[in-house]
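First up is the structure itself, then whatever we jot down about it.
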Amino acid sequence: MSLQSLLNAGRLWRATNHQRVQQVLSSGIATLDQLLLGGWPKGQATELLYDGQGLGELRLLLPTLAQLSQQQIASSQWQLWLAPPFVPYPPALHDAGLNVSQQLLVQSNDVKQQLWAAEQALQSGSCSAVMAWLDSTQPLASKDIRRLQVAAEQGQSQLWLMRPSNVAAQSSPAACRLKLSAIDEQQIQVHCIKRRGGWAPQPMPIQVTAVYPSTDEITNSNQPTGQIIQGPWSGKPLAQQA
Amino acid sequence: MASPNLPVWLYLHFPHLQADQLSLQNPQAPIAILDQSKRVWQHCRLAQASGIQTGMVFTTALQLAPELQLQPQRSNEQQQILAQMADYCYQWCARIALSFEQGLLLEVATMWRLFGGRANYWQQLQQALQSRQLRFHAAAGTTPMAAYVLARAGYDLPLASTQQLNQQLQQLTLQQLPLSASQQQSLTDVGIKQLADLTNIPMAQWRRRFSGEIATWLERLNGDKVDDHCWFEPPAQFVRNWHCLHEINHSNGLLFPLQHMLKELSHYLRRRQLAACAVELILQHREQTDSQISLRLAQPEHQASEFLLLARLRLQQLPLPEPVIGIQVVAAELVSQQQPATDLFAATNSHALDGGQLLNRLRSRLAPSDVKHLALAADPRPERAFQLVTESDTPITAGTQNGGRGDVQDNGRDHIQDSANRPVWLLPKPVPLPNQPWELKSAPERIACGWWDDGAIQRDYFVAVDQHGQLCWVFRTPANQWFLHGWFG
């Protein structure tokens, strides 16, 4: 019974065989997973390039964030929002399935402090996701992105950098870059400029979660959308009704 | 009552306590401590090498060593250093008393069995004491006073037998005994030169001839009178002082003393298996009142490296208002240590911190108002349905506040129907829109509440799409004005 035969029979386990968990994190949206060849790259930086606020950039992320938030690992896991344009609204996060008490908000005027905070959070391993808006005063330098990428790998945390779409032409060391633009209220045009494991594909529309009930659920379906639904109340103002 | 035959007492005499402690801060400069009559009372090793001796006038001392640093005698500082030494020696001896001024009295006989013999015990104790770099004389004794007298006279007899100790005691001259000048004079007048002469006289004749003080002292020496000792108890708080020889102008200069003191804090915590929730650094200035820097820790910490890092991060942001002449470190809130659960097979991350440590670091470097937690609030009005919590007194750990997704805070959300939709971005204040804008996409949601305080609102909320195809949350007031309140990110 030699060592080799034991190994071959699978009766011996070696510590070097212990694989890391899977290299991609599913995004919760099937078409997006297909586009990204499996999902968000694990422990890497992903850039989302867009202009405006309401086109659905966070609705792409919310399923993943909810999933990360539900995983209870031994040490406490934060999710960090770094210099967002507005305050992330806790009731909306709660409805999406995130654990509100795990959310940390860091707002600082100094870009160096913001970068330091991002690096610390990513390296520490106790922050499962960092969403950062770091391009407010000037575009982020590639070396800073590289540093954040290294930090994310060390701590096995996800980093999503939200940047304006005019930096699409610049090269960036991020593992995955997606350029977003709005088609209509339920679809986003996602142009994947860079992804791991494949050439950049053509832009394609991705359906994101609806935020309001579809027209079928409205009781009075004769009404065209966009008008006030006439209910049991009369059209008179409240003051005259009493 | 006869004295015990074994030398159960050990006295450690530190003749140059304050000077040695100060010279640890500043190894290059010779230091001398002056007493009230401006004579040299203690001196450091360097000063001794230049020829300075106890009792010398300070002008002579300055002539011998021009760069000598002179410091006044501070009795409370002396006591503090003794208390710290007693705390340190507590690892080797259970009964320590600060009965005499410049040293520690230890009852060692009860420790011999634990340490494997008298010689072994002394060896370990000696090593520990020498690592502190304070000069000392150690003498054993059958009574506390006997040990004190020998050590004070400068004899090192930690392992001597009873006969040797008695022999040495008898040979002590009058000047080496702790008697006042008048008492010594009255004894010299009678022709007594050594302690042997004194002990040969029977006790009855003593009281007739001399004052009661010398008699009581002799009784203490012989063991006929037993002293009450106030045994040392280690303090429940950690307090350390550092007296700066030179003023510190820049916050970088504070790091060296802080390193020492935080390392001591870490040892203190480790010995007691405790962790600190807050550390206060008090900086003493010459003119101004003391300034205080408090490091509040989200998670109790016991490692010196973490303390030092947090202190350094905080000090970088802080300009010193005035030069600092003294530093005090106080750690009062101590809780028992908890070991974090770790995974044996996970790949090791050299920068790993757990959640509380990360929060400590972020709060140390960024302004306290920059790091916030999100929390739900039970209020139907959208702008008040959440809270931003900056720093609270109770440590917050992620996922455990009210059970996270659990019970208490969700009551506000459960009453709202499942189809309630809220935007991920909420604007700080509703922005007025010029006219009814865009395409409305959902049924209205009327929120009319707030009558219980002055924030009464009545709004009809809609989800709308703007000309760029972005989803936003708008509302209409009864006066038919439209406002934008949020974006569906």
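The values are calculated or read from the model by the stated rules, or taken from the named source; none is laboratory data. These numbers were taken from a predicted model, which means no experiment stands behind them. Note that we place each Cβ from the backbone using ideal geometry, even for glycine, and neighbour counts take in every protein chain shown. The area values use the complete protein model at the heavy-atom level, side chains included, leaving out ligands, DNA and RNA. Shrake-Rupley method; radii C 1.70, N 1.55, O 1.52, S 1.80 Å.
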Any idea which residue in the range B:286-341 is modelled with the lowest pLDDT, counting only those that are within 14 Å of chain A (Cβ to nearest Cβ) and open to solvent by less than 20 Å² (accessible area, probe 1.4 Å)? B:Ala298
Please identify the pairs in which a residue from the range B:282-305 that is among the β-branched types (Val, Ile, Thr) has its Cβ atom under 8 Å from the Cβ atom of a residue that is open to solvent by 50 Å² or more (accessible area, probe 1.4 Å), counting only partners at least 6 apart or on another chain. B:Ile282/B:Asp290; B:Ile282/B:Gln292; B:Ile293/B:Arg314; B:Ile293/B:Leu318
For the range B:358-381, which positions are more than 7 Å from every other protein chain (Cβ to nearest Cβ) and over 23 Å from A:Val111 (Cβ atoms)? B:Ala377, B:Ala378, B:Asp379, B:Pro380, B:Arg381
Could you tell me whether A:Leu93 is open to solvent by less than 10 Å² (accessible area, probe 1.4 Å), without any contact (Cβ under 8 Å) to a residue 40 or more places away in the chain and part of a helix (DSSP H, G or I)? yes
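Here is a yes/no grid of residues against (1) more than 10 Å from chain A (Cβ to nearest Cβ); (2) open to solvent by 10 Å² or more (accessible area, probe 1.4 Å):
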{"residue": "B:Asp453", "(1), (2)": "yes, yes"}
{"residue": "B:Ala456", "(1), (2)": "yes, yes"}
{"residue": "B:Asp460", "(1), (2)": "no, yes"}
{"residue": "B:Ala464", "(1), (2)": "no, no"}
{"residue": "B:Gln470", "(1), (2)": "no, yes"}
{"residue": "B:Trp473", "(1), (2)": "no, no"}
{"residue": "B:Arg476", "(1), (2)": "no, yes"}
{"residue": "B:Trp482", "(1), (2)": "yes, yes"}
{"residue": "B:Phe488", "(1), (2)": "no, no"}
Among the residues of the range B:45-89, what is the count of those that are without any contact (Cβ under 8 Å) to a residue 40 or more places away in the chain and part of a helix (DSSP H, G or I)? 14
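Taking the criterion of being of a type in the set (Lys, Arg) and under 36 Å from the mean Cα position of the chain (by Cα), would at least one residue in the range B:144-161 satisfy it?
The answer is yes; a qualifying residue exists.
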Name every residue in the range B:109-133 that is among the charged types (D, E, K, R) and more than 10 Å from B:Pro158 (Cβ to Cβ), in order of residue number. B:Arg113, B:Arg132
So is B:Glu264 open to solvent by 10 Å² or more (accessible area, probe 1.4 Å) and in a strand (DSSP E or B) or not? no
Would you mind stating whether A:Ala118 is part of a helix (DSSP H, G or I), among the small types (Gly, Ala, Ser) and touching a residue at least 40 places away in the same chain (Cβ under 8 Å)? yes
Restrict the check to the range A:151-173 and report whether at least one residue is modelled with pLDDT of 90 or more, open to solvent by 50 Å² or more (accessible area, probe 1.4 Å) and away from chain B (no Cβ under 13 Å). no
Look through A:Gln53, A:Gln77, A:Gln71 and report the one residue that is open to solvent by 40 Å² or more (accessible area, probe 1.4 Å), farther than 14 Å from B:Leu388 by Cα and in contact with a strand residue (DSSP E or B) (Cβ under 6 Å, 6 or more places away or on another chain). A:Gln53
Identify all residues within the range A:170-200 that are in a loop (DSSP other than H, G, I, E, B) and hydrophobic (A, V, I, L, M, F, W, C); write none if there are none. A:Ala174, A:Ala175, A:Trp199, A:Ala200
